[in-house]
Amino acid sequence: MSNNNEMMSVKGFLLKILIWLPITFVVWYFITPIILYLVSVLAKAVLTILVSQTVVDVDVYERVLHIVTPFAAEKSNDVNNGQLVFAINAMKYGYGIALFIAMLLATPDKLGNKLQNLYIGVLILLLVQVWGVTFDTLQTLTFKLGMGVAETLGTTPFIRELIALGYQLGYLILPAIAPILLWFAMYQNHLIKLAPKFAKTKKS
């Protein structure tokens, strides 16, 4: 009987997450201009340190980040002003924020604790998004803009492998896994209450 109650608790928790997800995704979508501005500032700071010779600026335009380079573009328009500019969809690296907030809202906890965990979690997930944008920029500069741009970076084969690995990690793994790991780290006790058999396994 107790096992059934435990399973129902787990199911109830997952159901609450599913109920909150559409709401948190809508809120996340509407506040993305603010998030993208913060990401652009942080990404520019990181890229300035890593590849200052190939990245001049990081701008936000219509929910997309535009990476401005010092290289001349083949065609000039009002957006690039003669400079080579490429776009990055930074939102694909940031959906973990909506997932984390949904998990946070579904968790029975004091409001003060939730707010504290919200600040910490969003900050860490912003850094995850910056990771994705940074490696997306590096792999574009290295592999997609031609040998002239790639040679400016002066990367070795080993560094190019690291760039490809960092991009895959930032695109395929971190956005989905990071919010779940954050919740596990913050609410281990709650996880044990949801499924005591996991606590027994952990102790053994």
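Each value in this text was obtained by applying a stated rule to the coordinates, not by laboratory testing. Predicted model only: the values in this text are computed from it and were never measured.
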Legend entry - Cα gyration tensor category, rounded, prolate or oblate, for the stretch 2-197 with a/c compared to 1.5: prolate
Inset, instruction - Enumerate the amide H contacts of Val56 below 5 Å, restricted to partners 5 or more residues apart or on another chain; note that Pro and chain-start residues carry no placed amide H. - result: Val68, Thr69
